[in-house]
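Written out below as structure tokens is the structure these notes cover.
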Number of protein chains: 2
Amino acid sequence: MLSPLTLRLQAFTKLSVADREAIDRVSRSSVRQVAARQDIAREGDRPRAVNLILEGWACRYKSLPDGRRQIVSLFIPGDLCDANVLILKEMDHYIGAITAVRLAEIGREQLEALTLDHPRITQALWWDALVTTSVQREWTLNVGQRDAYERISHLLVEMFLRLRAVGLTTGNTCPFPLTQTDLADATGLTAVHVNRTLQDLRRDGLIALERRTLTIPDLPRLKNAAMFNDNYLHLDHEGAHLDAND
Amino acid sequence: MLSPLTLRLQAFTKLSVADREAIDRVSRSSVRQVAARQDIAREGDRPRAVNLILEGWACRYKSLPDGRRQIVSLFIPGDLCDANVLILKEMDHYIGAITAVRLAEIGREQLEALTLDHPRITQALWWDALVTTSVQREWTLNVGQRDAYERISHLLVEMFLRLRAVGLTTGNTCPFPLTQTDLADATGLTAVHVNRTLQDLRRDGLIALERRTLTIPDLPRLKNAAMFNDNYLHLDHEGAHLDAND
DNA sequence: CGGGTAATTGACCCGGGTCAACAGCAGTGG
DNA sequence: CCACTGCTGTTGACCCGGGTCAATTACCCG
């Protein structure tokens, strides 16, 4: 049973036993529990640590002075919410817990030790950072060009695939704790319209979504509706040439 | 006269003479000229080099199967269009020239040599990558939450500030080579609506824009209209503690 | 001067927003 | 066990920001 972070990084490269143990050690170091709907970090804070999500869902969000709010990223177990990798002086966004969250705070020294001793992990963390940015670009496309039906479909497919990559799906089902208001904030729609669009998706047999559980009866069909191209997730084991030989 | 990249990185940290010379050397290594409106890199390509823009404007864009197109980033002199820093296997987006562009292709070996010998540059490149991602998040917010008037204002302010940081403004004026169609693709609006909104901005005395030249008579007022918060550009010399001591 | 790209305008329409009421359900305390 | 509270989801009526379509009008460049 591998940790979610290990599973995630292995989408890029196979890690050695020593690599995996190092990750496990770091994951157990400084664990923090955050209640649902609480902020994990605030805009204006000085970044203190990289947060590794161990359990639960979180998000990155930004807001405008008049209260409009945009969720710009979602985090699931195995995701690093790089609090800007300790280079930037000040957070320019919030990180908030959606469900109750268990996370590991990885300090600067630990991170440096980890990367110094484990070049494959360093590479894998780079991969992780690049993929995160790539996802952010896809979100810009999503919000900028897709209509409501495509946009919500796209988000659902993305989360399903990301959850599957860390072993958190069961068949064609996965947990989906976002409220319709959250979905609205993530897609740039209103909660009312999200509600109506979800009903359309259900009517068309593309999804079932109830009690915070999402079922996708026919993934290719939903992908199609979303114009989903998974190249931006870079899940195809691209660092194979670096694989540990054990 | 410092190169745009040096100027840009100095927003983060002061570089030593040796650092600057190393950057200059790399900037002169493998220079390529691309005509306006040509692609610099294509989706599906294997990334070959990091492209450093020396002159002209370029953009990163993604498109949907039915032709809808989203410009997700703009590049000006001094910007690195990391072609995924050579870790990812395949480009998930296009890079296109807006004007004629002169760029330097920085290969893997050169990049490694540069960072190995110049730790301050390594830090500065990290800063650059983080800021790029931060800008991407702000674009998601922009397209997701701001209305047309705010959205276009925001883009204009951002580009003005970025140009100013690399010495390419003159007073309250800067070059602005985007067509209204480009602006539309970058903001998720239609060209028709961009046209009408620009007229509103002109009527309100917030901008003058003609012959590819932008003038901002009252920057604070335009910032205000855009709900612009420049924290996401991280231009405040945050790596001061690393400054070269010469 | 001709041809092509970019900007502009008008008429009309629609996806999605707004407002407001209400229903379902979980948790909480008595 | 029940009443209360508050969040989440749902629905209807109506409206508006921005899209669509199509026709002109600059403008640029060879």
Practice problem: Please verify whether region A:14-26 includes one or more residues that are in contact with a strand residue (DSSP E or B) (Cβ under 7 Å, 6 or more places away or on another chain) and not assigned by TED's automatic domain parsing to the domain that holds A:Leu156. | Solution: yes
Exercise. Evaluate region B:59-82: report whether one residue or more is more than 8 Å from chain A (Cβ to nearest Cβ), of a type in the set (Gly, Ala, Ser), closer than 23 Å to A:Ala129 by Cα and not in a loop (DSSP other than H, G, I, E, B).
Key: yes
Quiz prompt | Residue check for B:Arg164: exposed (fewer than 14 other Cβ atoms within 10 Å of the Cβ) and either away from every other protein chain (no Cβ under 12 Å) or part of a loop (DSSP other than H, G, I, E, B) (or both) | solution = no
Self-check item: Hits in region A:121-161 (condition: open to solvent by less than 30 Å² (accessible area, probe 1.4 Å), under 16 Å from the mean Cα position of the chain (by Cα) and among the hydroxyl-bearing types (Ser, Thr, Tyr))
Solution: A:Thr133, A:Ser134, A:Thr140
Practice problem: Please tell me if B:Pro217 is in a loop (DSSP other than H, G, I, E, B), closer than 21 Å to B:Val135 by Cα and assigned by TED's automatic domain parsing to the domain that holds B:Glu158. | Solution: no
Self-check item: Count - residues of region A:192-241 that are more than 22 Å from A:Thr170 (Cβ to Cβ), touching a residue at least 60 places away in the same chain (Cβ under 8 Å) and crowded, with 16+ Cβ neighbours inside 10 Å
Solution: 6
Quiz prompt | Identity of the residue in region A:89-145, touching a helix residue (DSSP H, G or I) at 6+ places or on another chain (Cβ under 6 Å) and in a loop (DSSP other than H, G, I, E, B), that ends up farthest from the other protein chains (Cβ to nearest Cβ) | solution = A:His118
Exercise. Any chance you could count how many residues in region A:177-191 are more than 8 Å from DNA strand C (Cβ to nearest atom), in contact (Cβ under 8 Å) with a residue 60 or more places away in the chain and within 14 Å of chain B (Cβ to nearest Cβ)?
Key: 3
Practice problem: Go through region B:201-211 residue by residue and tally those that are under 14 Å from B:Leu156 (Cα atoms) and either under 15 Å from the mean Cα position of the chain (by Cα) or within 13 Å of DNA strand C (Cβ to nearest atom) (or both). | Solution: 6
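For every residue, the table says whether it meets (1) open to solvent by less than 20 Å² (accessible area, probe 1.4 Å); (2) at pLDDT below 95; (3) in contact with a Pro (Cβ under 6 Å, 6 or more places away or on another chain).
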| residue | (1), (2), (3) |
| --- | --- |
| B:Arg20 | no, no, no |
| B:Ser27 | yes, yes, no |
| B:Val31 | no, no, no |
| B:Gln38 | no, no, no |
| B:Ile53 | yes, no, yes |
| B:Cys59 | yes, no, no |
| B:Lys62 | yes, no, no |
| B:Leu74 | yes, no, no |
Quiz item: In region B:15-47, which residues are free of Cβ contacts under 8 Å to residues at least 60 places away in the same chain, of a type in the set (Lys, Arg) and out of contact with any helix residue (DSSP H, G or I) (no Cβ under 8 Å at 6 or more places or on another chain)?
Solution: B:Arg25, B:Arg42, B:Arg46
Self-check item: Tabulated pairs, region A:145-158, first more than 10 Å from A:Asn224 (Cα to Cα) and modelled with pLDDT of 95 or more, second acidic (Asp, Glu) and assigned to a helix (DSSP H, G or I), C-beta under 7 angstrom, 6+ apart or interchain
Solution: A:Tyr149/A:Asp200
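Determine, yes or no, whether A:Arg196 is more than 13 Å from every other protein chain (Cβ to nearest Cβ) and within 12 Å of DNA strand C (Cβ to nearest atom).
yes
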Self-check item: Flag for B:Ser134 being hydroxyl-bearing (Ser, Thr, Tyr) and closer than 30 Å to A:Glu112 by Cβ
Solution: yes
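The values are calculated or read from the model by the stated rules, or taken from the named source; none is laboratory data. The model shown is predicted, which means the values in this text are computed figures rather than measured ones. Using ideal geometry, Cβ is built from the backbone for each residue, glycine included, and neighbour counts are taken over all protein chains shown. Accessible surface areas use protein heavy atoms only, side chains included; no ligands, DNA or RNA. Shrake-Rupley method; radii C 1.70, N 1.55, O 1.52, S 1.80 Å.
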